[in-house]
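For reference, the structure discussed in these notes is given below.
Every number here is computed from the coordinates shown, using simple stated rules; none is lab data. Note that the coordinates shown come from a computational prediction; the quantities given were computed from them, not determined experimentally. Cβ atoms come from the backbone with ideal geometry, glycine included; neighbour counts cover every protein chain shown.
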């Protein structure tokens, strides 16, 4: 080794060679829009997907099998129990999940998903069937008949049929057992 090499700064080796940058993705051409006659103004709105923000949420996915309702109810109640609502009627929550999941399973898809969210002592239970199923109003009346259910509904979007219920978790007053005379 020469004196010049010994006193020169140490530089990293020039190998391995740098790899070339990855190829850029091709830019998609805009899709042609259907022509609309100027005499008729038609407004087409795409229905937004379900969005839950700034809340605790849990998403559970199941195969659309006959045993899915009980399994979904058990896992949903366990998740809700962890949120610490003392007034949550776990029986109503389990029944609501079972009814909603049963309706989603009958839609004929391969999977269903259960989404839980909370806000202001209320719990949202939304079930997606991931296929467009026939509307079934009987399930909504059964769910709405539960004591702690504030509201229930259904709609169909790009991600399939959504069935939902909102449960109130505020503690109910305890009955003293005395009757008025």
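Based only on other Cβ atoms within 10 Å, what is the fewest-to-most ordering of 141, 129?
The order, fewest Cβ neighbours first, is 141, 129.
Just order 79-88, 116-125 by mean Cβ neighbour count inside 10 Å, highest at the front, would you?
Sorting 79-88, 116-125 by mean packing, highest first, produces 116-125, 79-88.
For region 64-181, just say rounded, prolate or oblate: build the C-alpha gyration tensor, square-root its eigenvalues into a ≥ b ≥ c, call rounded for a/c under 1.5, and beyond that prolate if a/b exceeds b/c, oblate if not.
Note, shape of region 64-181 comes out prolate.
Multiply the residue separation of residue 147 and residue 81 by 0.36 nm, subtract the distance between their alpha-carbon atoms, and state the gained length in nm to one decimal.
21.9 nm
Evaluate the relative contact order of region 57-168 (contact order divided by residue number), counting alpha-carbon pairs under 8 angstrom at least 6 apart; express in whole percent.
27
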